[in-house]
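This report refers to the structure that appears directly beneath it.
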Amino acid sequence: MTGNTGLFNQRFAKNFIPLPGFQVPEVGELAPDFTLPRIRGGLVRLSDYRGQQPVVLAFTRIFTEKLFCPFCYPHIQDLKQRYQDICDRGAELLMISSTDRVQSEQIVSDLNLPYPFLSDPDCKTFRLYGAGQALGAPLPAQYVINREGRITYRHLFTFIDSNAEPDRILQELKRLG
């Protein structure tokens, strides 16, 4: 267990005050590189996909292994149902959560997630992508990155439109060809 296990933890305290995202990468920019641990194996570096295939980054808001954001839980399940469609378009989906390794392993197991699930308990990658924060966890965001590593689509959380619909993500991937 780490200092991030449970609801009221270090991560909760650091992300409690509502803040918008700062330095949000723009469409057309090179996607900021990162390396994160993949639950159930190894490290994932975003730049390893450059020149290979498009990537969908799905930053998700999960408080603990048993407490999901009511906006994000359905989105996690929708992406699970549409994962093969994403793969059929030649892309990879990387889901990023601020839960620690122990929590993340439980989430992947309980939800039987087929896509790479990355753990970012320090929320550095969330901040790198300008996801914002509120009430104990970083906010969700979705990005589509083309083969060249450039951002072609960006969706940031709002209460009106919390997560990008999988159909919208698939439309963007289709546009990439």
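The values are calculated or read from the model by the stated rules, or taken from the named source; none is laboratory data. Computed from a prediction, not measured in an experiment: that's the story for all the values here. Reconstructed Cβ throughout: ideal geometry from the backbone, glycine too, with neighbour counts over all protein chains shown. All accessible areas refer to the heavy atoms of the entire protein, side chains included, with ligands and DNA or RNA removed. Shrake-Rupley method; radii C 1.70, N 1.55, O 1.52, S 1.80 Å.
Once the C-beta distance of residue 88 and residue 159 is scaled by a Förster radius of 30 Å, the resulting FRET efficiency is 0.40 to the nearest 0.05. A Cβ-based charge dipole, computed about the Cα centre of the chain with Lys and Arg at +1 and Asp and Glu at -1, lands at about 160 debye. Classify the range 46-128 as rounded, prolate or oblate from the Cα gyration tensor: take a ≥ b ≥ c as the square roots of its eigenvalues, call it rounded if a/c is under 1.5, otherwise prolate when a/b beats b/c and oblate if not. The shape class here is oblate.
Take each peptide in 146-158, 35-47, 87-99, count the other Cβ atoms within 10 Å of every residue, and average; sorted highest first, the result is 87-99, 146-158, 35-47. Taking a ≥ b ≥ c as the square roots of the eigenvalues of the Cα gyration tensor, an a/c ratio below 1.5 marks the range 27-177 as rounded. Under 12 Å from a point placed 7 Å out from the Cα of residue 40 along the Cα-to-Cβ direction: which residues of the range 74-105 have their backbone N that close? Answer for this model: 105.
Can you count the Lys pairs in the chain with C-alpha separation below 21 Å, eight or more apart or on different chains? For the chain, qualifying lysine pairs total 4. At a Cβ-Cβ separation cutoff of 4.7 angstrom, cysteine residues of the chain with no neighbouring cysteine are 87, 123. Bridge orientation summary for the chain: considering DSSP beta bridges with both residues in this region, about 70 percent are antiparallel.
Compute the angle between helix 101-111 and the longest alpha-carbon principal axis of the chain, please, reported from 0 to 90 degrees and rounded to the nearest 10. Compared with the principal axis, the helix lies near 60 degrees.
In this structure, the amide hydrogen of residue 139, modeled 1.01 Å from its nitrogen in the peptide plane, lies closer than 5 angstrom to those of 132, 133, 134, counting only residues at least 5 positions away or on a different chain. Solvent-accessible surface of the range 90-177, averaged per residue with a 1.4 angstrom probe and all protein chains in place: 38 square angstrom.
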